[in-house]
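See below for the structure under consideration.
Computed from the coordinates by the stated procedures, all read-outs in this text should not be read as laboratory data. Being a predicted model, the structure only gives us computed values, none of them experimental. Here the Cβ is made from the backbone with ideal geometry for all residues, glycine too, and neighbour counts use every protein chain on show.
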Amino acid sequence: MSEDDTPESGEARLSGGAETVHYEFSRRDVLQMAAGAATLAAIPPGTAEAASSTTAPTNQEGTSVTPARIRLTVNGHLRELELDRRQSLLDVLRETLDLTGTKKGCNQGACGACTILVDGKRINSCLTLAVMHDGAAITTIEGLSKGDELHPLQAAFIEHDGLQCGFCTSGQIMSGVGCIAEGHAHLPEEIRFWMSGNICRCGAYPGIVAAVADAAGRT
């Protein structure tokens, strides 16, 4: 047994003097209790209260952020939403509006699976907050066709076999629509460059390029 473990003995009498309790502490125990008491004594008065008073208020769901109200025109339909200010536009489309055609791939803006059109311009919806687009017109893959009539690029993807597993397809088509509208679909090399932000892990790039070039000639 080390010197610090040497027992320290004593006794304590309970109130009323009816019973005596013997106790035994090692020197290590005494030192540890003394260190703990010193630490507590060093805490400035009111620190705990000050810390608790700076805690952000929470709502019934436990969210510490005040909900935001925004209006979006999604695929031609006006939607008024109350949502968490921290939600990405992608999550609002998928989880709130149930438009799951827009895919969540990398969720870092690297794969393009979440590409949509906002006010006619293609963006990665995973990289932007929904509250930043109050009043915007949004088009997703669900809004391209007119009833049973496919958009020319949707039809071209089928004709040119521009898809395999299909996970990236909605983002590829939305990006292709934007690419054509921007005037970047004249030559295969140009299409490949302006579509380079959309990744196809199946490697269907030849069909995708052919489909975009074909649709560009129809629109």
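Going through the stretch 181-215 one residue at a time, which ones are surrounded by fewer than 21 Cβ atoms within 10 Å (Cβ to Cβ) and aliphatic (A, V, I, L, M)? Hits for the stretch 181-215 are ALA181, LEU187, ILE199, ALA210, ALA213.
Could you identify the single residue in ALA210, ALA181, ALA137 that is out of contact with any helix residue (DSSP H, G or I) (no Cβ under 9 Å at 6 or more places or on another chain), aliphatic (A, V, I, L, M) and over 30 Å from ARG69 (Cβ atoms)? First the steps, then the outcome.
Working: ALA210 fails: out of contact with any helix residue (DSSP H, G or I) (no Cβ under 9 Å at 6 or more places or on another chain); ALA137 fails: over 30 Å from ARG69 (Cβ atoms).
None of the others qualify; the one that does is ALA181.
Does the stretch 156-172 contain at least one residue that is of a type in the set (A, V, I, L, M, F, W, C), touching a Cys at 6+ places or on another chain (Cβ under 8 Å), buried (at least 16 other Cβ atoms within 10 Å of the Cβ) and more than 26 Å from ASP98 (Cβ to Cβ)? So far as the stretch 156-172 goes, no, none of its residues is of a type in the set (A, V, I, L, M, F, W, C), touching a Cys at 6+ places or on another chain (Cβ under 8 Å), buried (at least 16 other Cβ atoms within 10 Å of the Cβ) and more than 26 Å from ASP98 (Cβ to Cβ). Give the stretch 85-137 a look and list any residue that's of a type in the set (Ser, Thr, Tyr) and assigned to a strand (DSSP E or B), or say none. SER88, THR115 - these are the residues of the stretch 85-137 that are of a type in the set (Ser, Thr, Tyr) and assigned to a strand (DSSP E or B).
Among the residues of the stretch 138-197, the one identified as touching an Asp or Glu at 6+ places or on another chain (Cβ under 6 Å) and not in a loop (DSSP other than H, G, I, E, B) is ALA156. May I ask you to list the residues in the stretch 84-102 that are over 11 Å from the mean Cα position of the chain (by Cα) and either within 25 Å of PRO67 (Cα to Cα) or buried (at least 23 other Cβ atoms within 10 Å of the Cβ) (or both)? The answer is ASP84, ARG85, LEU93, ARG94, GLU95, THR96, LEU97, ASP98, LEU99, THR100, THR102.
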